[in-house]
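Enquirer: Structure incoming, see below.
The values are calculated or read from the model by the stated rules, or taken from the named source; none is laboratory data. Keep in mind it's a predicted model, so treat the numbers as computed, not measured. All Cβ positions, even for glycine, are placed from backbone atoms using ideal geometry, and neighbour counts span all protein chains on display.
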Amino acid sequence: MEHEILYRPSYSLLKIELQQGETISAEAGAMVSMSSGIEIETRTKGGLFSSLKRSVLGGESFFVNTFRAGEPGELTLAPSLPGDICDLELRGQAIYVQSGSYIASSPEIEVDTKWGGAKTFFSREGLFLLKISGNGMVFISSYGAIHEIELEIGQKYIVDTGHMIAFDEGVGYSVKKVGGLKSTLFSGEGLVCELTGPGKIMIQSRSEDAFLSWLIPRIPKKD
């Protein structure tokens, strides 16, 4: 399986070349186009309970599409929001990803949810994070461009919660307010996450929540 990411970073498109018999799993709704020799199967992944957890708790689709090449062909995938796509090769490790950023993965990759407890910080995910693990390729997306930061042992870094995409399993994190109550309520920043290395973190240059806060007041209201 070969792949190429086109038109990045604003309107990225993932193009995957599948050889005969190869498969890839993708989030429902991510497909843009495919060759006529590729078959699609829609099913739950990991059983009913795992699919229900990802859907209700992790914010992902209940169903996953599996694309299988009956003959060599091309498949293109894209996220719902304008932004970049990142390819990650996992070799037995795990990463945590915000809801909505998962696009596709090799069939050997497991996508599950994990309890985050009081430390959780993805505002749209409640108390659960997507845990992606295994051996193979993973493709995740962002709203805006992707910026990667490698943290050294003990190094701390603060990120607005709306700009987080993913981080390595070994990265520590905690949520805190921006200054005092007044700053939290009126600074426009809200909550931030303090991450502690070692490990890599990935952030996005735009925030969905910030865009909606700008857009909604400007939508004409019916009389």
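Enquirer: Considering only region 6-30, how many residues are more than 14 Å from Ser141 (Cβ to Cβ), surrounded by 15 or more Cβ atoms within 10 Å (Cβ to Cβ) and at pLDDT below 95?
Expert: 1
Enquirer: Give the residue that is nearest to Gly134 (Cα to Cα), with candidates limited to residues of region 71-90 that are surrounded by fewer than 19 Cβ atoms within 10 Å (Cβ to Cβ) and at pLDDT 95 or above.
Expert: Glu89
Enquirer: Enumerate the strands (runs of 3 or more DSSP E) found wholly within region 142-223, keeping only those where 3 or more residues are over 14 Å from the mean Cα position of the chain (by Cα) and modelled with pLDDT of 95 or more.
Expert: Passing ranges, in order: 146-151.
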